[in-house]
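Notes to accompany the following structure.
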Amino acid sequence: DQAVNSRYASLTERGISVEQIAAVAHGANRAFCQTIGDNSHQDWNDSPLWQRASAVAGVEFVIEHLDAVTPKMMHSNWAHQKMNEGWVYGPEKDPVKKTHPCLAGYESLPDEQKQKDNLFIAVVKSFF
């Protein structure tokens, strides 16, 4: 798609990588989580590779659907990727067991979790 190619070209011309945008979005979500008492997110450089790869994939998804992306779409894409990697719903996030409490329908998520999708999208869009 020409619009998507143009977005990636714009980033390249400005010397901005998808990974840099993912780091900013991750940092914003980490700060948001800390305000709601969730201190489980590490700094970008200390985050495990699977978590950084997930953020990069999220940025790519937003770039590719920039004009139409919604938080619900974002969540569905994330959940699909996680399930393809063997993750399942579980009451606690556990990267060893590959369980995550957000592997549920968007409507059933707590508002705080929905806000993370809004924030992620807003951060990515701010680069365009």
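Rounded to the nearest 500 deg cm²/dmol, what is the calculated helix-only ellipticity per residue at 222 nm for the chain, with -39500 (n - 2.57) per DSSP H run of length n ≥ 4? Working shown, then result.
Numbers: 5 runs with 75 residues, N = 128.
Dividing the helical sum by the residues of the chain leaves -19000 deg cm²/dmol.
Each Lys and Arg contributes +1 and each Asp and Glu -1, all at the Cβ; summed about the Cα centre of the chain, the dipole is approximately 60 debye. Ligands, DNA and RNA are left out, and with a 1.4 angstrom probe the accessible area of region 1-53 is 61 Å² per residue.
Given a 1.4 angstrom probe, I'd like the percentage of the accessible area of the chain that is carbon and sulfur, rounded to a whole number. Please list the in-between numbers first.
Details: 3800 of 7250 Å².
Whole-percent figure for carbon plus sulfur exposure: 52.
Between 0 and 90 degrees, the angle of helix 111-125 with respect to the longest Cα principal axis of the chain falls at about 20 degrees. Annotation: for a label point projected 7 angstrom from Cα along Cα→Cβ of ILE16, residues of region 107-128 with backbone N closer than 14 Å are 121-128.
Rounded to the nearest 10 degrees, the inclination of helix 18-35 to the longest alpha-carbon principal axis of the chain is 40 degrees. Angle, helix 49-64 long axis vs. longest principal axis of the chain, Cα atoms, 0 to 90°, nearest 10? Computed tilt is about 50 degrees.
The values are calculated or read from the model by the stated rules, or taken from the named source; none is laboratory data. Source: prediction; values computed, not measured. Cβ sites come from the backbone with ideal geometry, for glycine too, and all protein chains shown count toward neighbours. What goes into the accessible areas is simple: the full protein's heavy atoms, side chains included, and nothing from ligands, DNA or RNA. Shrake-Rupley method; radii C 1.70, N 1.55, O 1.52, S 1.80 Å.
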